[in-house]
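One structure below.
Read-outs throughout are calculated quantities, based only on the coordinates presented, and are distinct from any laboratory measurement. Because the structure is predicted, anything quoted here is derived from the model rather than measured. Positions of Cβ are generated from backbone atoms using ideal geometry, with glycine treated the same way; all protein chains shown enter the neighbour counts.
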Amino acid sequence: MPLTINGHDHDFAGDPRTTLLDFLRRDCNLTGTKKGCDHGQCGACTVLVNGQRINACLTLAIMHDGESITTIEGLGTPDNLDPIQAAFVRHDGYQCGYCTPGQICSAKAMLAEAASNWPSFVSEDLSGAVRLTREEIRERMSGNLCRCGAYSNIVDAIVDVMEREQ
Amino acid sequence: MRPFAYSRATDLDHAARLAGDGARPIAGGTNLLDLMKLEVETPDALVDINRLPLGGIETHGDGLRIGALVSNSACAADERIRRDYPVLARAILAGATFQLRNMATTAGNLCQRTRCYYFYNTDMPCNKRAPGSGCSAIGGFNRIHAILGASDACIATYPGDMAVALCALDATVEIAGRDGQARSVPVRAFHRLPGDAPERDNILEPGEVITAVMLPAPPGGKHIYRKVRDRSSYAFALVSIAAVVRMDRGAIASASLAFGALAHKPWHDTRIDDLLTGQAPSDALFDAAADRLLEGATGQGANDFKIPMARRILKAVLREATGDAT
């Protein structure tokens, strides 16, 4: 069965060692997803698999046939930005931009997790409704590093998206 | 990464048979693939168990049965876990990141390997990675290393959080073997001390596959998971404590404590629980509990700080658990 990537079918028939990240970049020519550390520490390779964010560097392409993958290329277009992309532009949520595709995919899934009431390490009440404070957003985005240090603007962008959605 | 043969398990027996022939089961893969890239792990074959029916959290007697493939995220988000076993949800949420917890599984988390720097560095001797080659951490950089239960062969720690909470909850690991065999092992007895065979982290035998983790009936009481680490998110513990403490009329009716990042396994000492049970909380009692925990504790130099730190954190956790949050 093919992998469905941004709505298009892609067959995988390569070396089993190929990570999902390398398959996306090298074989599918979807180079929006970035390789930072290649060890699950930086989050630059964050993509959505069946709607959940994961590190594409720490999983094998061969394990994902039949699954639905969304990369940054699947979230918006230059003429029709995803609301998170637009907010990153408005708030200057980047400098060099290398971590940005991962940040945006991560933020997309993070908002869905919060809407599903998933708690985080900093949630005081495990059974209460999740309220995305800045502290909560920082904790929930801690798997995405930004070496330029655009963190405060990234949090601003995510808060902006939340406020516009309400 | 070294080449390997990949196969997808068709059923549990198939997985066990391949595992018995040397294949490494892979589920989330977050730790295994990382180590394979570094060639710390060099399996000839992987058996992908992701599509076996080992998911879901089901009621089991008065407790819960957590399938081996339940992701760390799903486990920590489960309403029953959050309500009845909050120490487990807290411990899981204290580890890694959302991305990693979405991939990492219950069974895989139990089997994660040490973060000893020398285990990761294939240029250096390490008895866990290359038995008989020596331990570079003894006399080397050992800030994150064990103060309890270490041996001359290895001073590595078990790095995880989830298993520490499972020890406090006295959960059980359900294991399938070849030819339909099965056994259950308390989590407290699942991980090993290094002794002279530090290459073995746990009691799993070739051909065995974890199928589930069973939680006993909800223990009630106050649940605390306290983790001290070098940064406030996405870091391994320097010291962690899982505590489940029930009070009755001013005295400790029951206490179950487990400790992370102090030893080659999540540390549990029934004598600490027994010492606390039936007693009125006091500073002297908490010191006695810390004395018992740290009986025989040995620093390696750079990790000496863990000894007073473990005492202070234990006392703080016990103060909070018994009602005095100061």
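Modelled spin labels at A:Gln95 and B:Ser133, positioned 7 Å past Cα toward Cβ, are 3.9 nm from each other. Across 5 Å bins from the origin, how do the percents of Cα pairs in the range B:222-321 run, short distances first? All Cα pairs, binned at 5 Å, distribute as 2, 13, 25, 27, 17, 10, 5, 1, 0 percent. A DSSP coil position with no more than 15 other Cβ atoms inside 10 Å describes the following chymotrypsin sites (Phe, Trp or Tyr not before Pro) in the range B:56-159: B:Phe141. With a Förster radius of 41 Å applied to the beta-carbon distance between B:Glu39 and A:Arg147, the computed FRET efficiency rounds to 0.95. In this simple spin-label model, placing a label point 7 Å from the Cα along the Cα-to-Cβ direction at both B:Thr277 and B:Arg143 gives a separation of 4.0 nm. Along Cα→Cβ, 7 Å out, is where each label goes; now give me the distance between the ones at B:Phe305 and B:Ser232 in nm to one decimal. Simple spin-label model gives 1.8 nm for this pair. For chain B, the spherically averaged projection of the C-alpha convex hull amounts to 16.1 nm².
Computed from the Cβ-Cβ distance with R0 of 41 Å, the FRET efficiency linking B:Ala182 to B:Ala284 stands at 0.35. Ranking B:Ala91, A:Ala129, B:Val239 by Cα position along the charge dipole of the protein assembly as shown, where only Lys, Arg, Asp and Glu carry charges on their C-beta atoms, puts B:Val239 farthest toward the positive end. Taking the range B:8-98, which trypsin sites (Lys or Arg not before Pro) meet the DSSP loop condition and have no more than 15 other C-beta atoms within 10 Å? Passing sites in the range B:8-98 are B:Arg51. Mean per-residue shielding of peptide A:118-131 is 4, counting Cβ atoms of other chains within 10 Å of each Cβ.
Here is how the number arises for chain B: DSSP H runs of 4 or more residues each give -39500 (n - 2.57), the sum is divided by the residue count, and the result at 222 nm is -7500 deg cm²/dmol.
Rg of the Cα atoms in the protein assembly as shown, relative to 2.2 N^0.38 Å, amounts to 0.98. Once the Cβ-Cβ distance of B:Arg312 and A:Ala129 is raised to the sixth power relative to R0 = 41 Å, the FRET efficiency obtained is 0.75.
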